[in-house]
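The values are calculated or read from the model by the stated rules, or taken from the named source; none is laboratory data. All values reported here derive from a predicted model rather than from experimental measurement. We place every Cβ from the backbone using ideal geometry, glycine too, and count neighbours over all the protein chains shown.
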Amino acid sequence: MARMKFICDTERCIDCNGCVTACKNENETPWGVNRRRVVTINDGVPGERSISVACMHCSDAPCLAVCPVNCIYHTEDGIVLHDKDQCIGCGYCYYACPFGAPQFPSTGLFNHRGKMDKCTFCSGGPEPDTSEAEFKKYGRNRIAEGKLPACAEMCGTKALIGGDATVIADIYRQRVETRGYGPELWGWKIAYGKPKRGGDVKAKGEGPRENQNLKDSQNDEGRLPT
Amino acid sequence: MSFTIRSLRTFLGLLLSLWLLGIAHAGVPNNRAEPAYAEEQTILQAEKDARTPEPGLDSKSSGRVHIDRHYLGQYGSTEGTVIVQRGGNQWRIWRNGPIATAMGTILVVVLVAIFFFYRAVGPVRTEEPDTGRRIRRFTSWERHVHWATAISFIILAVTGLVIMFGKKLILPLVGHDVFAALAYIFKYLHNFVGPLFIVCSVLMFFTFLRRNFFRRIDWQWIKQGGGLVSHKHVPAGFFNAGEKSWFWLGVTLLGLVMSITGLILDFVTFGQTRYIMQVANYLHIAGATFYIAAAMGHIYIGTWGTPGAYEAMRHGTVDESWAKAHHAVWYDEVKAGVEPGTFDDRVPPDQRPPAAGSPPPRPAH
Amino acid sequence: MTLVKTSRDSGLKRRRFLVGAGVTAGAGALARHLPLNVIQPATAADAVPARPNTEVKHTVCSHCSVGCSVEAVVSNGVWIRQEAAFDSPINMGAHCAKGASVREHGFGEHRLRYPMKLVNGKYERITWDQAINEIGDRLLKLREQSGPDALMVIGSSKHNNEQSYLLRKWVSMWGSNNCDHQARICHSTTVAGVAQTYGYGAMTNSFNDLHYSKAVLFIGSNPAEAHPISMLHFLHAKELGAKMIVVDPRFTRTARFAHHYVRIRPGTDIAFVWGMLWHIFNNGWEDKEYIAARTYGMDDVRKEVAKWTPDKVSDVTGVPEASVRMAAEMLATNRPSSVVWCMGITQHHVGTANVRALSILQLALGNIGVQGGGANIYRGHDNVQGATDVGPNGDSLPGYYGIAEGAWKHFSTVWGVDYDWVKSRFGSKELMEKPGITVSRWFDAVLEDNQYVDQPTNLRAVFYWGHAPNSQTRLPDMKAAMQKLDFMVVIDPYPSMTAAMHGRTDGVYLLPAASQFETQGSVTASNRSIQWRERVIQPLFECKTDHEIMYLFARKLGFGEQLVKNIKVVNNEPVIEDILREINRSCWTIGYTGCSPERLKLHMEHKRDFNPTTMRAESGPCKGDYYGLPWPCWGTPEMKHPGTPILYDLHKPVAEGGLPFRANWGVEHNGEPLLAADGSFTKDSEIDTGYPEFDHVFLKKLGWWAELTPEEQVQAEGKNWKTDLSGGIIRVVIAHGCAPFGNARARCNVWNFPDPVPTHREPLVTPRRDLVAKYPTYDDKAAFWRLPTLYKSVQAVDFSKDYPLIMTSGRLVEYEGGGEETRSNPWLAELQQNMFCEVNPEDAAQIGVKLGEFMWVETPTGARLKLMAMVTPRVPVGLVWMPFHFGGWWMGEDLEKHYPDGGAPAVRGEAVNTGWTYGYDAVTMMQETKVSLCRLVRA
Ligand SMILES: Nc1nc2c(c(=O)[nH]1)N[C@H]1C(S)=C(S)[C@@H](COP(=O)(O)OP(=O)(O)OC[C@H]3O[C@@H](n4cnc5c(=O)[nH]c(N)nc54)[C@H](O)[C@@H]3O)O[C@H]1N2
Ligand SMILES: Nc1nc2c(c(=O)[nH]1)N[C@H]1C(S)=C(S)[C@@H](COP(=O)(O)OP(=O)(O)OC[C@H]3O[C@@H](n4cnc5c(=O)[nH]c(N)nc54)[C@H](O)[C@@H]3O)O[C@H]1N2
Ligand code: HEM
Ligand code: HEM
Ligand code: SF4
Ligand code: SF4
Ligand code: SF4
Ligand code: SF4
Ligand code: SF4
Ligand SMILES: [Mo]
C-alpha cells in the first residue's frame, strides 16, 4: 500500500517559495491561509538551511487524535484529509500538530476560526472527486487526476519531493549517495532505514561541504574588513 | 457537604501538580521525548542544526522560533517561524490519555458516590415541624444572580463535556453529521456563555462575599463534618463552613481558573501561542473536573440532600424551623435583630395562602 | 503503484476508486539521463477526464531571464490552472514563487482597467479614442514647438522581441534616439564590456551547461533569489562535485551553499579579480596556449595585475590574503570553471571595467568557449536580452547596428521607407547619429539648464512604457522633473508608482497595457534561447497590447503606414509573426535571422525532445537543434542553423553552433595582431588561421562568390555579411566552415574605453577616504549621452563622517523590479509584507533598534526612508542592505490615496531609490546602485 509522504532536501532548498505559491495558485487559498511555508534556520550565518513545511500526513496523526468531531481521517494512501462540513473550527488540530499545518481563515473572538484548512496532499476531500464543491472547499484533487502535489512538482530545485514514501526515499537516497552527504540531517535511519547498498552513507566529498568554518573571518558575521 | 479537609487537600495537591506539569512542559520542543514518528524525527534532525537559542522555560512560543525575513509580517499561522513543536503531540497524549481518563473517572465516581450516599444516608431533615413562619433568606437579586450563574454553569459543563467526550459517547449513536452539527452549536454556546458565566460569577462573588467570611463557629462545624452523616445539626451562621468552602474553593478559586483559562482559549486574537493554549487547556479541563464534581455535590445538597434548602433559592424564604435547624446562629441573630428585616410572613409568591393550622409546605421528594 | 482513496466514514459513505499514478523518478536509467532526480508527473491509468473546452497554452514566465516555461490551462477564455512544464529543458517544471504565481495576471485584481487622465489631482476614466487623440495632439504640438527630441520614451525589457523592435522603429520614425529600457540600469555595462572584449554582449553558455562545470565563481550575483531556477542546474553540478565560490558583501542565500565564501567591500571587485589573477599568474595556472592563440593585450593586464600584491588587495577589498588565494586556486585548478556575475558587478560607476576584469579572468584561464566554462552573465528581465538585442536602445538600431548613416540606410531598406524620409523626421542628421538620453538620467535632461543639455531642447514629455520609476535613483530629483514636464504618459498593466509619486494635478495619462500573457511573441532568455509565448487569454478589461497602442499612436502621429509597411495589421494589431519575420530579415549581426516564428513554435511544442544538459533535441522534428535556437542562429530559417549554445566554441563547426571570437576592431592594433593565431579556428573550418569579417570583396578574393545564387549576388554586391539582405554571404561562408564575423582575438585591452585595462577606482561615495587619492574616479564629463556627468566633484565631498554605514541594495525572490506587478499579486505580496533594511546586530544596538521596529535610513541626498529593521548577521558591521522592490511610500508617507482607485498594490513600502545618491558608469551611464553611504536613526 502506498504511503504518501514529503521530503524536503535541505541541501537543495533555496527558500524560493515556489512551493508555497504553487499551492496558493493550485488550491486558491485566501490571503492568510498558507498550507505550506518555508522556514530558514541559522539565517545569514554558515549552516543556514531552509526547509519547506506543510502537513506531513503523519501515520499516527495528532490532529486526528484530538479532533473533537473526528472529522480528520486517513485515506488508504496514508493521506490525512478532513471534512470541512463537520469541522467546528475549534483549533485543537492546530494545537496538536507538530508542524503548524492546520490553518484557519480567521482567528476571531470567541475562538471563531472558521473551517480548518490544511494541505490535502492535493487530493481534495470527501466530496466527489474533482467536483466543483470539492475544489471550493479543499482545492484541487490532483491525485484523482493522476498527478502529484503541485508544490513538489513545481519546486524550484526539486528539493521538495512528494509521493509514495518508498519511491521518494529512494530518490533521496540516490541523491545522497551521489553527493556523499546529507543523511545525517534527516534522521535517515529512523525515517527510511539503511541505505540501499548497505552500510552507512558517509561523506564522500573532501573537506567541509560548505564554508562552515566559523573562525574564518570571511564567515564571521564580524566586521566588514575596511 | 462533599468537601472534607481531605478532599480539599487532594484537590490543592492536584492543582499544584498540574501547574508543575505545565512548567515542565514549557521546555518545548522536548528533545528527550521519544520521537512519535519518523516524519517528525526528520524535521527535528534538521532543526538540530540550528544555532539560534531555544526558548527557555519562560518562553511562551511553542517551539524554536527561527527568524528570517519572513518574520517581518509572517505569513501562514501565527507561528510561521516554528518548524516543529513537540508540545503538540505531548498535549495530544496527555489530553487524550491520562487527563481524559482522570476527568471521566472522577466525574463518574463522584456521581456514583453521591447516589450511594443518598441511598445510605438520605436527606437531612429538620427535627421540628415547620412553624409556617417564613424567614426571608435570599433577596430576589441574590436569587437571580444565583440562577443565572447556575444555568450558565450547567450549559458550560454540558457543552464542554460534549466537546471532550462527545466523539466517544454521542457520535457513535448519532453519526458524524448530526454530531458535528451538535458540536458546532455546543462549541459556540460554550464560547459565548463562558464570558456570561464570568460576569455572573463576579456578581455572585460580591453578592455573597460578606456572608462567606469564616467565623470561629465554622471551625466547630468542620470538626463535626457538618453533621452530614450523623444528621446532627451543627450550629452555623448564615452559611455554614461547607457552603463557605464551596464559595471560596469552588466559585471563587475554580471560577478564576476556569475564567482565566477559558478567556485564553476563547479570545485567541491576542497572540497566544499554541503552547499557552495547550497549558490553558490542561488547566481548563482540570478545573472543569473539580468544579463539576463539586457542583454535583452542591446541587445534591441544595436539593435532595437538604429538604427546604431549595425553597430558599427558589422563593427566597425558609421556614423558621429550617433556619433554626440548619443555621442556628443565623436564626438567633435574626431573632436578636442583628440581621434586620429578614423575617417575612408572606407566603411564597407562587403558593396559595395556607389555611390556618394546615401543615406548612414541605419539600416534595 | 495504486492510489486508493476512501472516505473516512466507512459506514455512511464509503467510496472507493482507483487511480493509477506512476510516480516515477530517480531510479536507475532516468537518473543518468535526467540526473536532477526530478519527479516526473504521475501518469494516470484512470484519470478523470479533462474539462471540455480546455486547452493548454504554452507560455514563458515573465519575471526573470531564466525563461521558465509555463503551461496555462484555459477554459472558455479563463485561465483556470497552471501546470508544471516538465518538458522544458530549462526549468523541467520548476518555478520560483514568481513563476508559480503568474496565473494571477489572468485576474489582475490591482490592474489598470481603462485609460485614465489626471484632472484636478484625481484620475478620471476616459476612452481610448480620447486618450490617443489628446495625447497625440499634445505630442504634435510638442514636436512643433521643440522638435522630436523633447520626448523621452522609456521602453521595456518586458516587451517581447517584436514589441521591442517595433518600439525602436516607432521612436525612429517619430524622429529621435531618446529611448531606452531597463538594460541601461541593469546589464548595460556587461553588454558594453563583454561585447568589446569577446564580440557579443551576452551570456556565453547556458544554465544547463553548468552541469559540466568543475568550479563556479558567483560574484555580485545572488541566483538563489534572483535566478532561482538556475540553481536547479547549478546545484546538480555541485552535487556532481563542482566547487562553489561566492563573492558578495552579504552572506546571501546563495552564499550559504558555497564551499568558499568571500565577503568583499562593495565596489572593489577589480582589485579582487586582479588579486586572483596575481596568484594565477604567479603559479602559472593560466592557460598559456589559449592566451597566445586567442587573446590580445594580456601583457598589459599582467602589468596592471603585478601591482596588486596580496597585501594591497587585502587592504582595498578587505578580503584576507589567504581567502583570495583560495578563490584563485579553486577556480584555476578545477577547470572548466565558470564565472557568474550580475548586479554586484554591473551597477557601479566602474561597471564596465568590472565586467571586463572578469571577462579577462576567464580568458586567462582559457574558460571561454568551453563546455562548463564561460562568462555566465545572468541577465535580468524576462526579455531584457531580447530588448537589448533588437529593442529601444538610444545608441543603436536593432541588432547592434549602431546609429551611423549605414545603419539607418540598412533599416530604411528593411522597413521599406526612404532614408531621407527617416532623416527628415529627426531634428537633424547630427541628432540622428547621437546617442539619446538614458533612462537613468532623463530627469536631469528636464532639470538641467538648457545650455548644458546636448540637444536643442530640454525634455518636455515622458512615456513610461513598461518601466517603473522607483528603479531609478534620485527620486526626489525625478519628482521635481515630473512636475516640470508638460505631460507624462504611463503605458503599463499597472498604474505603477509613476501614477502616485509625481505630485501633479493634471497632465498625466494612464493607459492600460496588456500583460505578456495577453499577447504572443518571442522572448529571449538569458542564455540567448528564444522561446515562443502563445497568447493565453485575451486582454483583460480595456487593456490593449503594446503593439496595438504603438500602431494607434503612429496613425495619429502620421507615420502609421510607414510603421507597418511590411506588416499585416489585424484589428489594429500589427501581426506579431510579421514583425518577427522583419527581424529575421534584418538582424544578421547577431543571427536573429534563423529563428522564424515557425521554428520557434515548433521548439515550444516539442520541448520534451531537448536534452536538459546539452539542450540539443535528440529526436523529433527539431532533431539537432539547440533549444530555442540560442542566437546567433545564422542565416535564413531555411538554412536550419541549430543555434549557438556556447559562444566562441572552437570544438564545433560553425554550422553546428561553433564560433571563434569576433573580428570587430580591425586586423591589428599598435602592431599587435588582432586576428586569431594560426591553428586557432573552429572545427572543419577551411581557413586555418585568423581571418577578418566577410564582405563581397573578401568572398570574391577567396573565390567563393560564385557559390552565391544570381539573386543573392545582386543583393550582396557591395555589402558585407551584416548588410547583405539575401543572407547569401553568410550561407556560403558557413558552408566553408567559417564564421561570418571573422576569426579574431578577444581583447584584454580595449583602447577605446576610459580604462583600456580595468583599474580599480574608489566608489564615488566611499568610506575609505584614504584610498581616494590613490584610486580616484574619472574627471567630470561635459556632454555624455547628451548630459553633463559628474565624477570627481562628487567624490571630492567626504560624506563618511556623517554617514558612516555603507549601503547596498538588491533583490528578494518574491518580488521583481520596481515590484509593481509582484506587490500587486496577493499570492506573492503576502510573503513579504514590509519594506526592511538588513542591519548587523552591532549596528542595530548602536541606535537601539530591535528586530521588526521601524527606523529611518538617512542618505547624503537628504532623503529619509522609514522602514523596518531586519537585524541579522547576514550583513557585516558597517554595511546595510535593502531590497529595491518596494514603492508607494514617500519618506514615511503612504501614497495609497494618490493611486487611481483600487490600483494601489497590495503591499507598499519605501523605495530605496528615494534615497539613492548620484553616480553613473563612465561608458554606459549605468546608475550606481550598489555602493553608497547612509546612517540609521531610530523611528
Ligand atoms: N526575484 C527576483 N529575481 C530577479 C529580479 C527581481 O527583481 N526579483 N530581477 C531580475 C533582474 S532585472 C536582474 S538584473 C537580476 C539581478 O540579479 P542579481 O544581481 O543576482 O541580484 P542583486 O540582488 O541585485 O545583486 C546581487 C548581489 O550583489 C551584491 N553586491 C552588492 N555590491 C556588490 C559589490 O560591490 N561587489 C560584489 N561582488 N557584490 C556586490 C549584493 O549583496 C547582492 O547579493 O535578477 C533578475 N531576477
Ligand atoms: N537601488 C537599486 N535600484 C535598481 C536595482 C538595484 O539592484 N538596486 N536594479 C536595477 C535593475 S537591474 C533593473 S532591471 C531595474 C528594474 O526596474 P523596472 O524595470 O523599472 O521594474 P519593473 O517593476 O520590472 O518594471 C516593469 C514595468 O513594466 C510593466 N509591464 C509588465 N509587462 C508589461 C507589458 O507587457 N507591457 C507594458 N507596457 N508594461 C509591462 C510592469 O507592470 C512594471 O510596471 O531596476 C534597477 N534599479
Ligand atoms: C441546579 C443547580 C443548583 C441548585 C439546585 C442550587 C441550590 C442552591 C441552594 C438551595 C442554595 C442555598 C443554600 C442555602 O440556603 O444555604 C445555594 C446557594 C449557593 N449556590 Fe447554588 N445551586 C445550584 C447550582 C449552583 C451553581 C452552578 C453555583 C456556582 C457556580 C452555585 C453557587 C451557589 C452559591 C455561591 C451559593 C451561596 C452559598 C455560599 O455563598 O456559600 N449554585 N444553591
Ligand atoms: C466553569 C465552567 C466551565 C466548564 C465546566 C468548562 C468545561 C470545558 C470543557 C470540558 C472543555 C473541553 C476541553 C477539551 O475538550 O479539551 C472546555 C473547552 C473550552 N472552554 Fe470551557 N468550561 C467552563 C468555563 C469556560 C469559560 C468561562 C470559558 C470562556 C470564557 C470557556 C471557554 C472554553 C473554550 C474556548 C473551550 C475550547 C472549546 C472550543 O472553543 O471549541 N470555558 N470547557
Ligand atoms: S495536520 Fe499535522 S498532525 Fe495532522 S497529519 Fe498533518 S502534520 Fe500530522
Ligand atoms: S478545527 Fe476542525 S478539524 Fe480541527 S480539531 Fe477542530 S473540528 Fe477537528
Ligand atoms: S500537497 Fe498540495 S495542498 Fe499540500 S502543500 Fe502541496 S500543493 Fe498545497
Ligand atoms: S520550491 Fe523547493 S526550493 Fe523553493 S522553497 Fe520550496 S522546497 Fe525550497
Ligand atoms: S522568475 Fe525566473 S526563475 Fe522564477 S519562474 Fe520565472 S523565469 Fe523561472
Ligand atoms: Mo536588471
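General observations
- Single residue of the range C:174-198 satisfying the filter (closer than 17 Å to C:Gly399 by Cα and either surrounded by fewer than 24 Cβ atoms within 10 Å (Cβ to Cβ) or within 16 Å of ligand 7 (Cβ to nearest atom) (or both)) that is nearest to the other protein chains (Cβ to nearest Cβ): C:Ala192
- For C:Gly136, the stated conditions hold: it is at pLDDT 95 or above and surrounded by fewer than 24 Cβ atoms within 10 Å (Cβ to Cβ).
- Sole exception among (1) at pLDDT 85 or above; (2) surrounded by fewer than 24 Cβ atoms within 10 Å (Cβ to Cβ) for A:Met1, by number: (1)
- Looking only at the range C:62-88, and only at residues there that are in contact with a Ser or Thr (Cβ under 8 Å, 6 or more places away or on another chain) and away from ligand 9 (no atom under 13 Å from the Cβ), the one that is nearest to C:Glu534 (Cα to Cα): C:Ala72
- Test: residue in the range C:808-816 that is in a strand (DSSP E or B) and polar (S, T, N, Q): yes
- Close pairs from the range C:747-769: first more than 17 Å from C:Leu790 (Cα to Cα), partner of a type in the set (D, E, K, R) and buried (at least 24 other Cβ atoms within 10 Å of the Cβ), Cβ under 7 Å, at least 6 apart: C:Val750/C:Arg356; C:Pro758/C:Arg356; C:Arg768/C:Glu762
Residues are listed down the side, and each one gets a yes or a no for (1) modelled with pLDDT of 95 or more; (2) assigned to a strand (DSSP E or B):
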residue: C:Phe886; (1), (2): yes, no
residue: C:Trp889; (1), (2): yes, yes
residue: C:Lys897; (1), (2): no, no
residue: C:Gly902; (1), (2): no, no
residue: C:Asn913; (1), (2): yes, no
residue: C:Thr917; (1), (2): yes, no
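- Of the helices (runs of 4 or more DSSP H) lying entirely inside the range A:78-178, those carrying at least 1 residues that are at the interface with another protein chain (Cβ under 8 Å from one of its Cβ atoms) and away from ligand 10 (no atom under 16 Å from the Cβ) are A:92-96, A:150-154.
- Condition check for A:Ala65: outside any loop (DSSP other than H, G, I, E, B), crowded, with 24+ Cβ neighbours inside 10 Å and either more than 16 Å from ligand 2 (Cβ to nearest atom) or within 8 Å of chain C (Cβ to nearest Cβ) (or both): no
- The single condition among (1) within 22 Å of C:Ile229 (Cβ to Cβ); (2) more than 16 Å from ligand 5 (Cβ to nearest atom); (3) in contact with a helix residue (DSSP H, G or I) (Cβ under 7 Å, 6 or more places away or on another chain) that A:Arg36 does not meet is (2).
- Check on A:Cys19, assigned to a helix (DSSP H, G or I) and either of a type in the set (A, V, I, L, M, F, W, C) or at negative phi (or both): yes
- Checking each residue in the range A:10-31 for being in contact with a strand residue (DSSP E or B) (Cβ under 7 Å, 6 or more places away or on another chain) and either more than 8 Å from chain C (Cβ to nearest Cβ) or within 16 Å of ligand 1 (Cβ to nearest atom) (or both) picks out A:Thr10, A:Cys13, A:Ile14, A:Asp15, A:Asn17, A:Cys19, A:Val20, A:Thr29.
- Test: C:Lys98 is modelled with pLDDT under 50, over 22 Å from C:Arg608 (Cα atoms) and not hydroxyl-bearing (Ser, Thr, Tyr): no
- In the range C:519-554, the residues that are of a type in the set (D, E, K, R) and in a loop (DSSP other than H, G, I, E, B): C:Arg528, C:Glu534, C:Arg535, C:Glu542
- Any chance A:Ile51 is touching a strand residue (DSSP E or B) at 6+ places or on another chain (Cβ under 6 Å), more than 10 Å from ligand 6 (Cβ to nearest atom) and under 28 Å from C:Ser230 (Cα atoms): yes
- Verdict on A:Cys55 being at negative phi, within 16 Å of ligand 9 (Cβ to nearest atom) and more than 8 Å from chain C (Cβ to nearest Cβ): no
- Neighbours by Cβ (under 9 Å, 6+ apart or cross-chain): first from the range A:88-108, at positive phi; second part of a helix (DSSP H, G or I) and β-branched (Val, Ile, Thr): A:Gly91/B:Val268
- Criterion applied to C:Gly848, C:Gly903 was being away from chain A (no Cβ under 14 Å), closer than 30 Å to C:Phe107 by Cα and touching a residue at least 12 places away in the same chain (Cβ under 8 Å), and the one residue passing it is C:Gly903.
- Any hit, the range C:246-253, residues being within 16 Å of ligand 9 (Cβ to nearest atom) and within 8 Å of chain A (Cβ to nearest Cβ): yes
- Filter pass, B:Leu253 being within 18 Å of the chain's Cα centre (by Cα), more than 16 Å from ligand 6 (Cβ to nearest atom) and surrounded by fewer than 19 Cβ atoms within 10 Å (Cβ to Cβ): yes
- If you check A:Lys136, A:Lys158 for being away from ligand 1 (no atom under 16 Å from the Cβ) and buried (at least 24 other Cβ atoms within 10 Å of the Cβ), only one passes: A:Lys158.
- Any chance B:Gly287 is within 22 Å of A:Gln103 (Cα to Cα), part of a helix (DSSP H, G or I), at pLDDT 95 or above and more than 16 Å from ligand 1 (Cβ to nearest atom): no
- Leading residue by the ranking (farthest from ligand 5 (Cβ to nearest atom)) among those in the range A:145-166 that are under 16 Å from the mean Cα position of the chain (by Cα) and over 19 Å from C:Ala94 (Cα atoms): A:Asp164
- Among the residues here, C:Pro456 qualifies as in contact with a Gly (Cβ under 9 Å, 6 or more places away or on another chain), farther than 21 Å from C:Ser156 by Cβ and either charged (D, E, K, R) or modelled with pLDDT under 95 (or both).
- Inside the range B:162-188, residues that are within 17 Å of the chain's Cα centre (by Cα) and without any contact (Cβ under 8 Å) to a residue 40 or more places away in the chain make up a count of 2.
Every residue, every condition in (1) in a helix (DSSP H, G or I); (2) of a type outside the set (D, E, K, R), yes or no:
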| residue | (1), (2) |
| --- | --- |
| C:Val301 | yes, yes |
| C:Glu304 | yes, no |
| C:Ser323 | yes, yes |
| C:Met326 | yes, yes |
| C:Leu331 | yes, yes |
| C:Val340 | no, yes |
| C:Gly344 | yes, yes |
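- Residues being closer than 25 Å to C:Leu431 by Cα, part of a loop (DSSP other than H, G, I, E, B) and either at pLDDT below 95 or more than 25 Å from the chain's Cα centre (by Cα) (or both) are represented in the range C:474-487 by at least one member.
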